């Protein structure tokens, strides 16, 4: 049985989380493979909810698998696909099966996904979702009715430190912090000073919240440019793209890991934030290699 | 039905060019019908479509050169409308019909004749 | 003002395929101003249909008429005798006009020739942008007069989202401005940023019980 | 009863040979509405015209069709004939059977001639009369600006008897002109005293335009001077706001004491007690902005002055030397003769400054190798930019600017001084890189244009040739936005409804608004949709 994430946040000085991305289809063998590979190497495993608006095996499903395999799941909830009734029902079900970490997200827009004609919901947004979880934690639903059986979620959310312009994002982060969150997992970060500026701001609003820097290793110039245009919230700076362009054929992944590992080490040594959240999109099996390269194993 | 070509000629450029073509005894197909307009910007989509309805095979809109339009934006407006007309014709697969815009100055009769010959060539190619 | 856009010819053809005699009904108000369904567009579509001889399509005869507003019963009534003469009506009005026409002449099929898209304004001549989503619970007082319900792709009340692009552009389209960055800049200019810092609870999305019905108090 | 149409054929003194006029005459006589057909061989001469007038009167013809040479050629003559015969000049349509029928096809073209006449008759049938009227215009002129161009314009305008207001943003008139004067070698003090003394010119200093409306002959301009704002009426507006310069230098070099502008060098030359005289001076222009007529003149004048006063070595770096202004070539010769060295370089020289000297590295096209020059003083290249407020004023007056932000759209029909909006003119540096001689020619052409417009106090123009029907107009503003001459505005009709209205004087009869109007509310006499489509319909009959 893995130690609850809430306890890890309080005790461990450098928290590491990774992502287990569900696949398209009911065959969960690949997901189990990733779980077995990572569950003992990281403090928590995020499970994405229809990432990039692409329909996949449900996030809650993989969370239960992680629970069964003795890992510590972090359920990601987006506001795109479910209205307030469905979200509250899902949260009750998740908590009743022992999944008590939730990451509140607004969610990518339908247009970036593969069901481009679907109806967007967005009944709530990420800040309202955080307030909703607090309401449930206090034993009531959104309509004010008493709940039979309590709830107590460890609440997390995201932020974009390299947003331009930054001030509107910081206003939103402030709202999230005022609503009350236990941890923040940021979007991909590639410039250390942007991360520092962000964490300083968060510290002025809330001292205890744990900040995990989002690490998305980039394995090639072409992929970097693709991500800049199509993956929301990812901004790979030009100098990094040029550096990757020089790497010879075939060494892209190694180069990506090397750069990411360097970043993780810097964050750790300079105590910029309380840990990292590794998102190795599409190459979850290389995460251990990255952990090793950054001295986290 | 002979292949009748309607040419909307701007009185500042195309119409005097057509006159000059006559003075120099250049040759134009007889099926050409010239309609004088104060500016290419006066020609509207409905005029072009009605010309086709009445049996024209091709419609020419002839206006001033860019930067020399007597009414500054007349030729650009005409270009946009001709583009829209081509889209309307493509929608109904009326590929046998042609509408085109050419820019010329009042002292360029050869350009006028070349424009008419160009549209005649397109008609022949599409086998009308 | 209601903005509409003419349907592609392919769709219109399928609708009117079985009919020989048609009435094209235009509306001289909103759809005329946005160049979609006014008297001029009726003329152009009629001409297109008459020219549409591709692949042995049988000749159709097309009547043209335009009324001041197709969402007024009395004005649509003026077309009664023309409608009797035809097999079907192709209305170039917005959805409300098409349905008024369909209600008034239930014995004849009435087809829409335009897609009604949004309530908006012209950025410049020929380009219209959405401004209002008719949500029935206006939020503009708290955002400096910029509506996030329709101008933010996700309709967020506590924006912006994490996917905002560089330069304050929207996640889904680099050409479109992120509504919440526009709101931020305007409120900042007016020194009312506290409005953006305030938390807004989930919106009442049932403010207008669809289909909406408003009974004037004095009538 | 059909309108009675009279057709007048002309075989242009046998110049039209391949048309059988007898057959034509017979065939066109059957066209419905045609009441008489006459053949003449000299319709445009005195005899032909008299016969035409008598025929119109006897047959009381209502519409006239002339089948002869191109209307571009003789239209005005025949319109006069109609007026003499008591008919409105607009009830006239032509069939161009000479240039566009007889001469441009060989072989018999009688058939085509008949069709062209049918087209003209179809159009004639629908023509409606258009009256002419004298529109009263305000005879006052507003000249915006206070420099050389503005002052000269005001002086010459008042000399031709037009009351002028000279509006200057700064506190004193001609502040920069004094320096410019010495730069280009002439004395402007006489000009200044003349303009102050002229009671036909009202000078408003430290004043600016805050709002502008109205059209040719009736501009209402709100001017703020000191605390208060007042509206004034003018017949025409002349913009002479000049230009400003900016050093084309990297920012860190801007502060270096040994790098100066042309004006600063001018002041140094005039300063009697200058301690150290620069031994070697470098000039630079025409690299980042090829509009360098003025910088060339300034360089040549300054170089000569520096040579005479300080006898210093002078090196001029330029890409190309533009000496097309009068006297510029002579100046260039003089400079070369007294030892000024000119270096032609393709690329912009590299400049480094330090310990009192400025190093210029450049590749001279003829010498072929890098030349490095260390000089005491560098007169840097200056970029010509529109003066402050050009953008604001152009949006107030709703006029277009060119791609570099200067006034006047890049359209050949507007040169030299006109704008696309009747009654608004541009003079001098505000519309480009003009030397002083060109500014003077600008001034004279503006004075002629304004005098022509306003001198008689009224302008004869057609009434409602292009008209918006208030019933059909839904005030969608499309016409106001697309009118290239800004001749349409929104007015409140007596019933309180706002509709578009075309200002007859400002309208240039192009018809773009009529084509764009979504409610088909704009009629353009002579080229209404019905009149154009009537000509298109004749194709079906052939």
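Taking the 0 to 90 degree range and rounding to the nearest ten, how far is the long axis of helix A:84-96 tilted relative to the main principal axis of chain A, both from C-alpha atoms?
Between helix and principal axis, roughly 80 degrees.
Can you give me the Cα centroid spacing of segment D:250-285 and segment A:206-282 in angstrom?
Each part reduced to its Cα centre gives a spacing of 53 Å.
Using just the helices of chain D, give the 222 nm mean residue ellipticity in deg cm²/dmol: DSSP H runs with n ≥ 4 each add -39,500 (n - 2.57), and the total is spread over all residues, rounded to 500.
Taken over chain D, the calculation gives -10000 deg cm²/dmol.
How well do other chains shield peptide D:61-71, expressed as the mean number of their Cβ atoms within 10 Å of each residue Cβ?
Mean number of neighbouring Cβ atoms from other chains: 1.
How big is segment D:464-524 on each of its three principal axes, counting only the C-alpha atoms and giving the largest first in Å?
Extents along the principal axes: 29, 23, 19 Å.
Find the Cα radius of gyration of segment D:77-185, compare it with 2.2 N^0.38 Å by division, and give the number to two decimals.
So the Cα radius of gyration is 2.11 times the expected 2.2 N^0.38 Å.
Along each of its three principal axes, how wide is the spread of alpha-carbon positions in chain C, in whole angstrom units, largest first?
So the three principal-axis extents are 63, 48, 26 Å.
Give me C:42, A:287, C:86, D:463 sorted ascending by neighbouring Cβ count inside 10 Å, so fewest comes first.
Going from sparsest to densest Cβ surroundings: D:463, C:86, A:287, C:42.
Between residue C:209 and residue C:138, 0.36 nm times their residue separation minus their Cα-Cα distance comes to what? Mind dumping the intermediate values first?
Numbers: separation 71, 0.36 × 71 = 25.56 nm, distance 1.50 nm.
Between residue C:209 and residue C:138, full extension yields an extra 24.1 nm.
Taking Cα centroids, how far is segment A:7-30 from segment D:478-520 in Å?
66 Å
What is the packing order of peptides D:120-127, D:287-294, taking the mean over residues of other C-beta atoms within 10 Å and listing the highest first?
The packing order, highest mean first, is D:120-127, D:287-294.
Report the FRET efficiency, 1/(1 + (r/R0)^6), for residue A:97 and residue A:297, where r is their Cβ-Cβ distance and R0 is 45 Å, rounded to 0.05.
For residue A:97 and residue A:297, the calculated efficiency is 0.90.
Can you give me the distance in nm between label points at residue D:75 and residue D:359, each placed 7 Å from the Cα along the Cα-to-Cβ direction?
Simple spin-label model gives 6.9 nm for this pair.
Using the alpha-carbon atoms, what tilt in degrees (0 to 90, nearest 10) does helix D:328-337 show relative to the longest principal axis of chain D?
The angle comes out near 20 degrees.
Between residue A:119 and residue D:402, what is the label-to-label distance in nm when each label sits 7 Å out along the Cα-to-Cβ direction?
Modelled inter-label distance: 5.8 nm.
Between residue C:58 and residue A:147, how many nm apart are label points set 7 Å from Cα along the C-beta direction?
Reported label-point gap for residue C:58 and residue A:147 is 6.7 nm.
With N set to the residue count of segment D:495-542, report its C-alpha Rg divided by 2.2 N^0.38 Å to two decimal places.
Normalised Cα radius of gyration, segment D:495-542: 1.48.
In the protein assembly as shown, what % of DSSP beta bridges are antiparallel (nearest 5)? Display every interim value, and only then the final one.
On the way: 60 of 167 bridges.
Close to 35 percent.
When chain B is treated as a GNM, springs tying every alpha-carbon pair under 10 Å, which of B:17, B:78, B:68 comes out with the largest mean-square fluctuation?
Maximum among the listed residues: B:68.
Could you work out how far the C-alpha centroid of segment C:53-126 sits from that of segment D:425-470, in angstrom?
49 Å
How well do other chains shield peptide B:17-30, expressed as the mean number of their Cβ atoms within 10 Å of each residue Cβ?
Mean inter-chain Cβ contacts per residue within 10 Å come to 5.
For a test of the definition: using alpha carbon positions, the gyration tensor, and the 1.5 limit on a/c, classify chain A as rounded, prolate or oblate.
Details: a/c = 1.44, a/b = 1.37, b/c = 1.05.
Cα axes put chain A in the rounded bin.
Peptide C:192-200: average number of partner chain Cβ atoms within 10 Å per residue?
3
Would you please put B:100-108, D:368-376 in order of how densely packed they are, using the mean number of other Cβ atoms within 10 angstrom per residue and starting with the highest?
Output ranking for B:100-108, D:368-376: B:100-108, D:368-376.
Please work out whether segment B:5-125 counts as rounded, prolate or oblate from its C-alpha gyration tensor, where a ≥ b ≥ c are the square roots of the eigenvalues and a/c under 1.5 means rounded, while otherwise a/b larger than b/c means prolate and anything else oblate?
It is oblate, given that a/c is not under 1.5 and a/b is not larger than b/c.
Determine, for each peptide in D:296-304, D:476-484, the mean count of other beta carbons within 10 angstrom over its residues, then list the peptides with the highest first.
With the highest mean Cβ count within 10 Å placed first, the list reads D:296-304, D:476-484.
Can you put B:111, D:46 in order, fewest other beta carbons within 10 Å first? Could the numbers behind the result be given before it?
Details: B:111 18, D:46 8.
Listed from fewest to most nearby Cβ atoms, that is D:46, B:111.
Assuming a ≥ b ≥ c are the square roots of the Cα gyration tensor eigenvalues, decide whether the protein assembly as shown counts as rounded (a/c under 1.5), prolate (otherwise, with a/b larger than b/c) or oblate. Kindly include the intermediate steps, with their values, before the conclusion.
Working: a/c = 2.20, a/b = 1.30, b/c = 1.70.
Since a/c reaches 1.5 but b/c is at least a/b, the shape of the protein assembly as shown is classed as oblate.
Using the alpha-carbon atoms, what tilt in degrees (0 to 90, nearest 10) does helix D:148-159 show relative to the longest principal axis of chain D?
That helix lies at roughly 50 degrees to the long axis.
Over all pairs of distinct alpha carbons, what does the Kirkwood formula give as the hydrodynamic radius of segment C:30-132, in Å?
Kirkwood hydrodynamic radius for segment C:30-132: 14.8 Å.
Rounded to whole Å and ordered largest first, report the semi-axes of the equivalent ellipsoid of segment D:5-130 derived from its Cα gyration tensor (root of 5λ).
21, 15, 13
Throughout, read-outs are computed from the coordinates displayed, never taken from laboratory work. Because the structure is a prediction, the values reported are computed rather than measured. All Cβ positions, even for glycine, are placed from backbone atoms using ideal geometry, and neighbour counts span all protein chains on display.
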